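Here the structure comes first, spelled out in structure tokens, and everything after it is commentary.
The values are calculated or read from the model by the stated rules, or taken from the named source; none is laboratory data. Here the structure is a predicted model, which means the values were calculated and not measured. Counting neighbours? That spans all protein chains shown, and the Cβs are built from the backbone with ideal geometry, glycine included. Just the protein is used for accessible areas: all its heavy atoms, side chains included, with ligands, DNA and RNA removed. Shrake-Rupley method; radii C 1.70, N 1.55, O 1.52, S 1.80 Å.
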Amino acid sequence: MGILVGVTRAEYDPALARLLETRREQGRYPPFVPADPQLRADPRRYWPPARTLVCLALPYPASDGDRPPDGLRGLVARSLAGPDYHRVVEAKIRTVANLLLDAGVRFSYRAWVDAVPPVERALAARAGLGFFGRNSCLVHPELGSWFWLGELALDAELPSSLVPPAQVFPSDPCGSCRRCLEACPTGALVAPYELDPYRCLSYRTQARGVIPREYRPLIGERLMGCDTCQEVCPYNRPRRKERPSSLRWWPLESLLDPGSAEPAAGTALAWRGRGVLARNAAVVLGNGGRPEAVGALAAALERHPSPVVRAHAAWALGRVGTRAAAEALRTAWRRERDDRVRGEIRLALEPGT
């Protein structure tokens, strides 16, 4: 199936505003977005000329990907594998805009992808591109939830002849299924359709700063993002054969080396910065527990400029637990002056921590 396209009016959504207010009161307001629910629930507050929204859903490869035969690697979420999806989706939006111009519609527009205040999933649902699953993802019966979203905001109404018919979905599309809730590694799906974003590993691998110790083992081999609740969803059963993607498995040692070339340039991984990727690489190596990771972790603990990265490298060396790892930790203890890093070194050298 190709791109899905739906159309909806650019108007205020009071139900969405109330939901966001409730989430804020519960301490579950989404991170990385503006704090004003009214701004997020009204596209016109973000761009006042908006009258119509053409919503797009662009499928991305849903292959599990073959794990490389060797090397120290971490797994990235499917939506992040390959070129930066912001650019991919924006190019498709501009193609749609040109098609409308060729059809004689006159308008000014904005192309929206991801980093905008309006809630894209809510707009796409209103445009008939899917329904909300119990994992809070937008789901289409044929595409599942493996797609990127984008919007073409117009300052004009579209002729009815150019508006595709909206698909009608079942009133209870998930039935009694609870697979996503049961599979979530951190219990972030606290109830059907209710996500605590601060417990979600997608958030934990993107947020800057120190990852709480209780979350680090749960990250497993995830370098960035988490697909677990989508992987178990019945709507994401494979419907087409896809080539396995080695782009989902990233070499970790270069991410820990601050002197290496920018490894994530041109991808969506780059937006959080090298420090976050280096920190996550240390956690993945610690969870892997492989002795061959000691060299890269010890080097990061010795000379990485970020105390956050050094702290996680210390934790990881403690998880590896070999004699060489312990020696690297003792050497670092004599040199390190940052109290937070020293605290991680001390814990890593203590048996059973």
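Just the number please: accessible area per residue for the chain, 1.4 Å probe, all protein chains included, in Å².
Values: 16610 Å² over 353 residues.
I get 47 Å² per residue for the chain.
DSSP beta bridges fully contained in the chain are about 95 percent antiparallel.
Quick one: length gained pulling Val168 to Ala299 fully straight, 0.36 nm per residue minus the C-alpha distance? Don't skip to the end; give the middle numbers.
On the way: separation 131, 0.36 × 131 = 47.16 nm, distance 5.62 nm.
Here the segment from Val168 to Ala299 would lengthen by 41.5 nm.
Here the accessible area is traced with a 1.4 Å probe on the protein chains. For the chain, carbon and sulfur cover 52 percent of it. The distance linking the range 258-282 with the range 109-123 is 25 Å (Cα centroid to Cα centroid, whole angstrom).
Computed from point charges on the beta carbon alone (+1 for Lys and Arg, -1 for Asp and Glu), the dipole magnitude for the chain about its Cα centre is near 520 Debye. Annotation: for a label point projected 7 angstrom from Cα along Cα→Cβ of Arg213, residues of the range 298-336 with backbone N closer than 15 Å are 311-320.
Once you list every other residue whose beta carbon is under 10 Å from the beta carbon of Thr186, what net charge do they have if Lys and Arg are +1 and Asp and Glu are -1? Each step should come with its number before you reach the end.
Working: positive: Arg199, Arg204; negative: Asp196, Glu214.
Overall, the nearby charge balance is 0.
In this Cβ point-charge picture (+1 for Lys and Arg, -1 for Asp and Glu), the range 1-120 has a dipole of about 280 debye about its Cα centre.
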